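Working notes, structure below.
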């Protein structure tokens, strides 16, 4: 069975970085094969992982949805949309040594995308069963999971920065998870960029008020800033970097196979 972990949080809190370093931990722990899914239209998980993206599922969805109006049609004569999706999905799957990656890409335009979304749903569910783990970097709204395009998740990790507004934002996401009845086995909070890796009393109070389950704290790590400025993939951070050490301790608390 494929075990799935989803990350969610508002933009700018370091969610994508945390997700990428989580994937890096699984690789180093020998937990391959892993399917990394970038499900945030504004995300850049591929840059954290050092991966080049040529085709997103959003591109493919748009291509299939508008094929009948295009001249010439991108779909060869005699090939169905289903067959074309099967053929092109392999191009959208980015294969690496220890993990593969798919990028959901842009959200849909106006019009009905139900049929195309059904095709993508079928393709993703067929592929993801080949992996030990699926790790998903989501937008705050968890759109692809709530629409059923992505398979159900086992654990949802809510990522916030070290601010009351950030904690309040993930509190709203946690409530939405309950309303959507996503049936995750666990929903946990990770607080990122805490000075010295320590939370002050005000943030602790807000976490309690939002009824969030705190699983760990990641420190403000200047190496992350330096690597980002230099355009280096963050998974190449040294294994003794403070953020990697703290994340390892968090992951070891999770109940995963």
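Only the coordinates and a few stated rules stand behind these numbers; no lab work does. For clarity, every value in this text was computed on a predicted model and none was experimentally measured. For neighbour counting, all protein chains shown are included, and Cβ atoms are generated from backbone atoms with ideal geometry for every residue, glycine included.
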- Query: Which of 73, 146, 160 moves most in a GNM of the chain, Cα contacts under 10 Å?
  - Reply: 73
- Item | DSSP-defined antiparallel bridges as percent of all bridges, the chain, nearest 5 | 5
- Message: Give the average over all directions of the projected area of the C-alpha convex hull of the stretch 106-257, one decimal, in nm².
- Response: 11.2
- Query: Between the helical axis of 15-28 and the dominant principal axis of the chain, each derived from Cα atoms, what acute angle in degrees is found, rounded to the nearest 10?
  - Reply: 90
- Message: For the chain, take the longest principal axis of its alpha carbons; what is the angle in degrees between that and the long axis of helix 164-180, to the nearest 10 within 0 to 90?
- Response: 50
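For a quick protection proxy, order the peptides 222-229, 185-192, 151-158, 47-54 by their average other-Cβ count within 10 Å, most packed first.
Details: 222-229: 14.0, 185-192: 20.6, 151-158: 22.2, 47-54: 16.6.
For the peptides 222-229, 185-192, 151-158, 47-54, the packing ranking is 151-158, 185-192, 47-54, 222-229.
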- Item | GNM top mover of 171, 58, 202 - the chain, alpha-carbon springs below 10 Å | 202
- Note to self, the chain gives a 222 nm [θ] from helices alone (DSSP H runs n ≥ 4, -39500 (n - 2.57) apiece, / all residues, nearest 500) of -12000 deg cm²/dmol
- Task: State, in angstrom, two size descriptors of the stretch 1-102 derived from its alpha carbons: Rg to one decimal place and Dmax to the nearest whole number.
- Result: 16.2, 49
- Message: Based only on Cα atoms, what mean projected area does the convex hull of the stretch 49-109 have, in nm²?
- Response: 4.9
- Over all Cα pairs of the chain, how is the pair count split among 10 Å bins, expressed in % and running from 0 up to the last occupied bin? 7, 30, 34, 20, 7, 2, 0
- Comparing 205, 143, 63 in a Gaussian network model of the chain (Cα, 10 Å), the one with the largest mean-square fluctuation is 205
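Compute the relative contact order of the chain as a whole-number percentage, counting only Cα pairs closer than 8 Å that sit 6 or more residues apart in sequence. Walk me through the numbers on the way to the answer.
Values: 445 pairs, mean separation 71.2, N = 257.
Once normalised by length, the contact order is 28 percent.
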- Query: If one takes the longest principal axis of the Cα atoms in the chain, at what angle in degrees, from 0 to 90 and to the nearest 10, does the Cα axis of helix 114-128 lie?
  - Reply: 60
